[in-house]
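Written below as structure tokens is the structure these notes are about.
The values are calculated or read from the model by the stated rules, or taken from the named source; none is laboratory data. Just so we're clear, the structure is a prediction, and the values are computed from it rather than from any experiment. Because the Cβ atoms are built from the backbone with ideal geometry, glycine has one as well, and the counts that use them run over all protein chains shown. Ligands, DNA and RNA are stripped out before the accessible areas are found, and what is left, the full protein with its side chains, is counted by its heavy atoms. Shrake-Rupley method; radii C 1.70, N 1.55, O 1.52, S 1.80 Å.
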Amino acid sequence: MAAKKKSARRKSTKAGSTPRASSKKWNAPKNTFLGLLTLPFRLIFNCTRNFKFYLRWPLRFSLLGLLGMATAITLFILIYVTRAQFYEMDMVAKMPARTMVYASDNQTELGRLHGDNRYVVRYQDVSPYFVQALLAQEDEQFREHNGVHIWGLLKIPVYYVKYKKVLGSSTITMQLARNSFQSITEAPGVDRKLLEIALAYRIEANYNKDQILEHYMNRIFFGHSMYGVEAASRTYFEKPSKDLTLSEAAMLAGIIRGPNLFSPFRSLEKATRERDRALDRMVDSGFITEQQANQTKQEKLEITPRQRRTIQDTYVMDIVDRDLKLILEKNNIKMGNLKVYTTIDHRLQTASERHMEDQLRKIERLPGYDHQTRSKWLASGSTRAPQYLQGSLVCIENESGAVLSVVGGRSAKESSLDRATQDPNKRKQVGSIVKPFVYLTAFNQGLPNQIRDTPINGKPRNYDGKYHSSISVTRAIAESRNCAAVHAGLFAEKDNVSETLRKAGFKNYDVEDNSYFLGSGNATPWEVASSFTIFPNQGRRMRPYIIKEIRDEDDNLIYESGVLPYIAANAYSTSKVRTALEQVTKVGTARALQGRLNFRHPCGGKTGTSSNAKDAWFAGYTESISCAVWVGLDNPVNIVDNGSGSSLALPIWAKIMNSAKNLGYPMYPRAIPRAVPVPPIR
């Protein structure tokens, strides 16, 4: 009975008028937004649900494909009209390159700053081998398409399903669009790809194929902060890109897909493997024969040796960078592409660095020198900051204030502290360097030519233990008499001496007690060199400067430094101190200039030695140049037994001035107008 009932129910269902649905109906989701978003897909699914299986799914895929294409085209049109039109096509050709810094001859390159590490090069100045390798690797049909590979775009949905990322066949033009406009990378995946396509069409409409390749080759990232084929060629092979061989060109093109991973500096084996793959692609593209490829694969890649890969930082470039940030807006500096012309005489700069190093090595070999030496620090391979003997100097042209050379230490690579212009811990006591300014102030106050040279309450002491009830100011300065300097300072008064020092160029030298008349305060060689220019300039001081001119990439002048003189001291008082400073170099503490140091030209200057001989100075001038030299250790201790400014710093000054003479800088006096005495203030 049960079997009969089941059979009857089956017959009843079969005989019914309503057919059974072939698939379930896709109902709208409860969320209104999702409902609207999925509406086209639900319509396709629901309209085809009663079709036979072998018709239903092919039809669904076809309709979905058409729907996707229609959606993409609609989005592309919207993006092209509403967004792509607002991108400036001029930006494709503008790219941040390094700011070039030149010496005073406007030709010798001192270094590069800011911007990208890039040399912008023209299409015709790049090796044809690299162009061919690039096309074979990145976009074989570049010359045929209009910016987009239509068939390549069909890979996008396949890659999305496989990798969950919006990937596809980006042409060189699309990559150029992405590299030129950084805001593209911030867009969502599909939106970014459509924007790339829209901008690629615009780029193709504004530039020809060679121009597109030129801009792309200048924008490629090659690892190690390098951009552009020219920078890569110079860095990896020490040659311009126009001279690249087939092997070198193929390697550069090969490592583009992973510039840091395949860098020859990190793995020559990986770079060689990528070169060989690029050569195979060039064969497939018809650029070279298989025989050429096989022969090239046998060549060994000769890359830049390790010791020449890093351009050593210099103290000069640090100073230029600091001044540049004061002169220009931050955004202008960041973009680079500037030409900075400095006052640095590269010949005198080289001589200054050489003479400094030679003298410091001699000091390190003196009997009784028991500190770390540079050679031992280098041999140890230590990564700690060096504690070896240091030195710094600044040379300034008297007539203009132009800085001709700067040495901030023995190596900017080994120690970044610039001892010539910066001294955050204020360790450099100037010693007797300050005495001429004490006497200068005293002359302003009416000091006579004779002065007492005796202790006051037992202080200070003269170095030779001798004292005089009366001594000429010229002799007191020439022999660097401590007691006489204190008497002069008390005559001048502390506040007046502080004011004179400030006008002369000392930024933070405030006289607090009698020891400051003898140099217990601090200053940098930059300040000291600038202050000593007032003596050959009859009391005038020129503002020291190192950047004389800045031009943009189109050679338009955007900054020019002017000579800014001002009266720093009374001309009559200055001339009296000048006479005494000239005696220092003839019969005083710097008389070695005329003898063993073999500098027999008109000059003036002053030695300086701080307490316990921790700092050794000499600051002096000829008619054309003023120069201040400092020698000491960063952690101030006695340098060497019997060390002084005359024995440690003076030889460097003498050698630099002899070099300056050989370079044509005048050593003999200019015409000096007669100084008119000024009545004393009190």
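Table for the structure above
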item: Hey, G521 free of Cβ contacts under 8 Å to residues at least 60 places away in the same chain, in contact with a Leu (Cβ under 9 Å, 6 or more places away or on another chain) and not aliphatic (A, V, I, L, M) or not; result: no
item: Among (1) small (G, A, S); (2) modelled with pLDDT under 60; (3) open to solvent by less than 20 Å² (accessible area, probe 1.4 Å); (4) not in a helix (DSSP H, G or I), the one test that G168 misses; result: (3)
item: Filtered residue count, the range 93-108, keeping only those that are open to solvent by 50 Å² or more (accessible area, probe 1.4 Å) and at pLDDT 90 or above; result: 3
item: Candidates L581, L564, L557, filtered to the one that is over 25 Å from I363 (Cα atoms) and buried (at least 19 other Cβ atoms within 10 Å of the Cβ); result: L581
item: Residue, nearest to I363 (Cα to Cα), within the range 628-653, restricted to residues that are in a helix (DSSP H, G or I) and of a type outside the set (S, T, Y); result: L648
item: The range 542-563 residues that are part of a loop (DSSP other than H, G, I, E, B), paired with ones that are open to solvent by 70 Å² or more (accessible area, probe 1.4 Å) (beta carbon under 6 Å, 6 or more apart); result: R543/L564; D552/I558
item: Selection within the range 496-510 - surrounded by fewer than 17 Cβ atoms within 10 Å (Cβ to Cβ) and not in a helix (DSSP H, G or I); result: K507, N508, D510
item: In the range 379-416, the residues that are part of a loop (DSSP other than H, G, I, E, B) and under 20 Å from the mean Cα position of the chain (by Cα); result: G408, G409, R410, S411, A412, K413, E414, S415, S416
item: Residue among E414, E397 that alone is closer than 21 Å to T585 by Cβ, open to solvent by 10 Å² or more (accessible area, probe 1.4 Å) and not small (G, A, S); result: E397
item: Filter result (among the small types (G, A, S) and touching a Ser or Thr at 6+ places or on another chain (Cβ under 8 Å)) within the range 429-464; result: G431, S432
item: Matching residues, the range 325-378, being in a strand (DSSP E or B) and among the hydrophobic types (A, V, I, L, M, F, W, C); result: V340
item: Residue ID - farthest from Q141 (Cα to Cα), chosen from residues in the range 284-296 that are in contact (Cβ under 8 Å) with a residue 24 or more places away in the chain and open to solvent by less than 100 Å² (accessible area, probe 1.4 Å); result: T296
item: Residue that is surrounded by the most Cβ atoms within 10 Å (Cβ to Cβ), among those in the range 448-489 that are assigned to a loop (DSSP other than H, G, I, E, B) and among the polar types (S, T, N, Q); result: S480
item: Qualifying residue in the range 114-126 (condition: open to solvent by less than 20 Å² (accessible area, probe 1.4 Å), over 15 Å from Y227 (Cβ atoms) and in contact (Cβ under 8 Å) with a residue 60 or more places away in the chain); result: no
item: Residue selected from the range 194-232 under the condition of a type in the set (G, A, S) and either in contact with a strand residue (DSSP E or B) (Cβ under 9 Å, 6 or more places away or on another chain) or touching a residue at least 60 places away in the same chain (Cβ under 8 Å) (or both), by the criterion farthest from M95 (Cα to Cα); result: A198
item: Pick from the range 198-235, criterion at positive phi and crowded, with 18+ Cβ neighbours inside 10 Å, ranking: modelled with the lowest pLDDT; result: G223
item: Residues located in the range 511-538, provided they are surrounded by fewer than 21 Cβ atoms within 10 Å (Cβ to Cβ) and either assigned to a loop (DSSP other than H, G, I, E, B) or touching a Ser or Thr at 6+ places or on another chain (Cβ under 6 Å) (or both); result: E512, D513, S520, Q538
item: Boolean, R257 is open to solvent by 20 Å² or more (accessible area, probe 1.4 Å), under 30 Å from S411 (Cβ atoms) and not aromatic (F, W, Y); result: no
item: Residues that are open to solvent by 20 Å² or more (accessible area, probe 1.4 Å) and not in a loop (DSSP other than H, G, I, E, B), drawn from the range 593-624; result: T609, S611, N612
item: Subset of the range 625-642 (residues that are open to solvent by 10 Å² or more (accessible area, probe 1.4 Å) and over 34 Å from the mean Cα position of the chain (by Cα)); result: N638, D641, N642
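Here is a yes/no grid of residues against (1) at pLDDT below 95; (2) in contact with a strand residue (DSSP E or B) (Cβ under 9 Å, 6 or more places away or on another chain):
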{"position": "S380", "(1), (2)": "yes, no"}
{"position": "C395", "(1), (2)": "no, yes"}
{"position": "L404", "(1), (2)": "no, yes"}
{"position": "G409", "(1), (2)": "no, yes"}
{"position": "T421", "(1), (2)": "yes, yes"}
{"position": "P424", "(1), (2)": "yes, no"}
{"position": "I433", "(1), (2)": "no, yes"}
{"position": "F437", "(1), (2)": "no, no"}
{"position": "T454", "(1), (2)": "no, yes"}
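Matching residues to (1) in contact with a helix residue (DSSP H, G or I) (Cβ under 7 Å, 6 or more places away or on another chain); (2) touching a residue at least 60 places away in the same chain (Cβ under 8 Å); (3) surrounded by 14 or more Cβ atoms within 10 Å (Cβ to Cβ); (4) closer than 21 Å to V320 by Cα:
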residue: I344; (1), (2), (3), (4): yes, yes, yes, yes
residue: A351; (1), (2), (3), (4): yes, yes, yes, yes
residue: R365; (1), (2), (3), (4): no, no, no, no
residue: P386; (1), (2), (3), (4): yes, no, yes, no
